[in-house]
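See below for the structure under consideration.
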Amino acid sequence: MTTPPRVLTVAGSDSGGGAGIQADLKTMMAMGVHGMSVIAAVTAQNSLGVQGYWELPPEAVRAQLDSVLGDIGAQAVKTGMLASPVLVETVAEVLRAYPAPLVVDPVGVSKHGDSLLAPEAVDVLRTRLLPVATVVTPNLWEVEQLTSVKVEDERDLRRAADAVLALGPTWALIKGGHLPGAPVDLLTDGTTEHRFAAERLDNRHTHGTGCTLASAVASRLAFGDDVPAAVARAKEYVTGAIARGFPLGDGIGPVDHAWRWR
């Protein structure tokens, strides 16, 4: 029997199942890898928003990391909601010494506008975690939070990417989906540049898009793809998931992680 590639997500739990750890593991299964999880925080969350979150103690997060990486190992790691300075520091310390590609989704705010990262944690994210990232995948709000660069149109994407790269990651994937017009994401390592265009889909049910994209990139990196190829494959999967996003509850529903099987 052949063991599939293994991918570890370090993130928060979404009780509604649309984002966070739950979205990560669904994405990893859909991409053909074995997903594993380190839960850093627990949220009370549904289609209407985040009603509250509670961080796990740093020793619990470290114990999960040591347990999984010390025995099973991972061919790629993805981080999401880390909530506080001490959790960002804890995760960065462990992953700095671990020889696997790292995809950092610098989660700062939920789809509904709820804060998921303490303001005092932003600088620790900049200085401790981003420098060890293979790819960082900020949306436009997260770019501004990390770099103070405000992206107003597609021409600003490269300036934003350069500002993110100055913080130390190898690649920056700037997600331009919130700009007017056809969505365009920009991927660059400062030397080469790749743009990924897609049609604007008429579907409001997009909860979990960022988590899903970052997890899909990590999954393809675990298979051995280079970064541009991993992002291209991940974008294809996410576009299909968004197209088939479905209503859930009274608010914004999730993307459909199982769209290829339906």
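By the rule of a C-alpha distance below 15 Å, with chain neighbours fewer than 8 residues away ignored, the aspartates and glutamates paired with residue 26 are 14, 256. In order along region 241-247, phi translates into HN-Hα couplings of 5, 5, 4, 10, x, 10, x Hz, rounded to whole numbers, per the Karplus curve 6.51 cos²θ - 1.76 cosθ + 1.60 with θ = phi - 60° and x for Gly and Pro. Over all other residues within a Cβ to Cβ distance under 15 Å of residue 97, the charged ones net out to 0, with Lys and Arg as +1 and Asp and Glu as -1. Counting other Cβ atoms within 10 Å as a rough exposure proxy, the listed residues 31, 81, 36, 1 run 1, 36, 31, 81 from fewest neighbours to most. Each of 242, 174 has some number of other Cβ atoms within 10 Å of its Cβ, and from fewest to most they run 242, 174. Note on residue 96 and residue 2: their simple-model spin labels are 3.8 nm apart, each label 7 Å out from Cα toward Cβ. Ordered by the count of other Cβ atoms within 10 Å of each Cβ, fewest first, 225, 105 give 225, 105. The mean sequence distance of close C-alpha pairs (under 8 Å, at least 6 residues apart), as a share of the length of the chain, puts its relative contact order at 19 percent. Taking the inverse of the average 1/r across all pairs of different Cα atoms in region 6-256, what Kirkwood radius in Å do you get? After inverting the mean inverse Cα-Cα distance, the result is 17.6 Å.
Laboratory data are not the source of any read-out in this text; all were calculated from the coordinates shown. Since the structure is predicted, the reported quantities are computational estimates derived from the model, not experimental observations. Neighbour counts are summed over all protein chains in view; Cβ atoms, including those assigned to glycine, are modelled from backbone coordinates with ideal geometry.
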